[in-house]
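Shown next, in structure tokens, is the structure this report addresses.
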Amino acid sequence: MAWKQLAAEKKSHQLDGVPKEWLPSNLPSSETLNVIDFPQQSGVLSALDLEITESSVATLLSNLASSKWSAVQVTTSFYKRAIVAQQLTNCLTEIFVDRALARAKELDEHLAKTGKVVGALHGLPISLKDQISIKGIESTMGYISWIGQVAEKNSVLVDILESLGAVPFVKTNVPQTLMWPETFNRIFGRTTNPNNRSLSSGGSSGGEGALVALKGSPLGVGSDIGGSIRIPAGLCGVYGFRPSYNRIPYGGCVNSMEGQDSILSVLGPLSSTLDGIQTFFKAVISKEPWQMDPMTIRKRWSDEEYNLIDHGNGKRLCFAILWDNGLVEPHPPIRRGLEMTRDALVAAGHQVIDWKPYKQKEILGTIEAIWGSASTEDFRTVLASSGEPLITSMKLAHEEGDTPFLVTSDTTLSAFALWQLHKKKRDLREEHLKHWTDTISQTATGRPVDAIISPVAPHTALQHGWHKNGNYTMPWNLLDYPSVVIPVSKVDQALDVKQPRDKFYTAEDRKIHELYDPATYENAPISIQVVGRTMEEEAILAMSAIVDEALKLHGTKSKL
């Protein structure tokens, strides 16, 4: 078939322009599942490369600004590690070495000549999810139909990042259509989890999750319409941030389901350290993106909000833990991660109460109905020109009776029927706001709950093709609540013993329970998400730092 030939040719040129010395000759065998530490053993990275790529964003920016490290050196170091990461997990799409190094050289020359950095992200290499447009480079988004479609201009975010001095240097893998919590397409293939390559990296920003986990990028940008930043961050063990609608400019990116403006996809960062998340957000907002993208909210960074002026100045906070959403009970490692977070916060002097889930089934049903109103028509319209089939399962091999994650329908809703769903969404948001506000009667702070602690998923990373549940991320998308993913621990067979259950909410709950086997998921990251209220980005970043610090302090006393 012609589409197969197109895909094969595109993939065959992926590493053109990559120096051969960046390709490790001692790659681990496919039986080696945990490759998280392989970059140090690859022989590709020097001691300086390792020092640079294992530094925090704050350290990188400080050393770049002082000229201790050049932008060319830092970009080269991360390139080497990114190429190693690609060999291990298949996390990249577009690689443009000459272009990125030329950009880094310009930045070095500017600093040498003026003594000043270009901006807050001067010299920092940044990876971008494949859908984020860079002028002169393709954004196939996993569609064979889009091979050869070169972006005529940068997306708004890329223009802003370059004005801040950043160095875009790779683009990362996604699933066909983006509407998946895993990452596989017929052009670039499947991205695996570096903590355990038999497991999924998550999706749809799965390439970013795997790359950042291997420290092949200090800061990456993904997108999230139902968990597509948070799921890969949580499954790969890195930090990720889903901001509210329209705070980060989306203009100029390619996307699926364009025109569906009820539940919006948002762009947000992934990083191996929390400082990278805050640095990205504050820097992008400082460039007043609303001047370049009319959809972006005109809201400047607020130090007052970051200092938690509306949350008792952060002295004593009240967190509520969502232990179980009443639809799917979390696996033992997820429960342990929540317990560790609770214990750490209590030890740090904060109040922790239980969060009562509100109308989760209705929220999820409304999301799925809005997405399903015309998604099949959208997908098939794009696929038609190449003849590529729609991917409906991400399992390694077809299994009879397998229920596809991506449910398609030839029925499209009328405009009036869709309006009723939009009204339902609005009503649910209003009701949930009251539900949150009413928690003031349960707290000891005189305020409603400050933030919710929630699982990212009812499980850690699963074997390929089995991740079909977005129940713990999707509701926050409809409600438009910002949330930050924080890694907590990893699966431990001795601690995370499977518990018997007699009662189940649904057949899906039973099936997910039966999937759990501590040996299969050994070493898979355990993460939580910290959830705030709409437009509280600064506050939720600050509260996430409090949670993260509490976990680190308490973690030294915990038996992991």
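Read the figures in this text as sums done on the coordinates, not as results from a lab. Keep in mind it's a predicted model, so treat the numbers as computed, not measured. Counting neighbours? That spans all protein chains shown, and the Cβs are built from the backbone with ideal geometry, glycine included.
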Segment 129-175: translational diffusion in µm²/s, Stokes-Einstein, Kirkwood Rh over Cα pairs, 20 °C, 1.002 mPa s = 194 µm²/s
Starting from the Cα of GLU514, step 7 Å along the direction of its Cβ; do the same at ALA384; then give the gap between the two resulting points in nm.
-> 4.0 nm
Considering lysine pairs in segment 68-185 that are 8 or more places apart or on different chains, how many have Cα atoms under 15 Å apart?
-> 8
Would you compute, from DSSP H runs of 4+ residues alone, the mean residue ellipticity of the chain at 222 nm, taking -39500 (n - 2.57) per run and dividing by the full residue count, rounded to the nearest 500?
-> -11000 deg cm²/dmol
What number in nm² do you get for segment 1-49 if you take the convex hull of its Cα atoms and divide its surface by four?
-> 5.2 nm²
Note down the relative contact order for the chain as a percent, whole number, built from C-alpha pairs under 8 angstrom at least six residues apart.
-> 16 percent
Could you give the spread of the C-alpha atoms of segment 1-106 along their three principal axes, from largest to smallest, in whole angstroms?
-> 54, 35, 22
antiparallel share of DSSP beta bridges within the chain, to nearest 5, in %, is 70 percent
By its C-alpha gyration tensor, with a ≥ b ≥ c as the square roots of the eigenvalues, how is segment 239-391 shaped: rounded for a/c under 1.5, else prolate for a/b larger than b/c, else oblate?
-> oblate
Report the equivalent ellipsoid semi-axes for segment 449-560 in whole Å, largest first, defined as the square roots of five times the eigenvalues of the gyration tensor built from alpha carbon atoms.
-> 26, 20, 11
FRET E, pair GLN493, THR32, Förster distance 25 Å, beta-carbon r, rounded to 0.05 | 0.85
Given a Förster distance of 25 angstrom, what is the FRET efficiency for SER67 paired with GLU21, based on the Cβ-Cβ distance and rounded to 0.05?
-> 0.45
What list do you get for HIS311, HIS513, HIS554 if you sort them by fewest beta carbons within 10 Å?
-> HIS554, HIS513, HIS311
Label model pair LEU396, GLN420: point-to-point distance (7 angstrom along the Cα→beta-carbon line) in nm is 4.5 nm
Hey, if you drop one equal point scatterer on each alpha-carbon of segment 75-201 and run the Debye formula without solvent, what base-10 log of I(q)/I(0) do you get at q = 0.09, 0.10, 0.15 Å⁻¹?
-> -0.28, -0.35, -0.74
Two-decimal log10 I(q)/I(0) for segment 387-535, as the Debye equation yields it once each C-alpha is a single scatterer, q = 0.15, 0.19 Å⁻¹ = -1.11, -1.31
Per the Kirkwood definition applied to all pairs of different Cα atoms, how many angstroms is the hydrodynamic radius of segment 257-300?
-> 12.2 Å
Expressed in nm to one decimal, what extension gain is obtained for the pair THR445 and LEU413 from 0.36 nm per residue of sequence separation less their Cα-Cα distance?
-> 6.9 nm
At each listed q (0.12, 0.18 Å⁻¹), what is the log10 of I(q)/I(0) that the Debye formula gives for segment 338-458 modelled as equal alpha-carbon point scatterers?
-> -0.73, -1.04
Contour minus end-to-end for GLU430 and ASN313, with contour as 0.36 nm per residue of separation and end-to-end as the Cα-Cα distance?
-> 39.5 nm
Note down the Stokes-Einstein diffusion coefficient of the chain in µm²/s, whole number, using a Kirkwood radius over alpha carbon pairs, 37 °C, and 0.692 mPa s.
-> 139 µm²/s
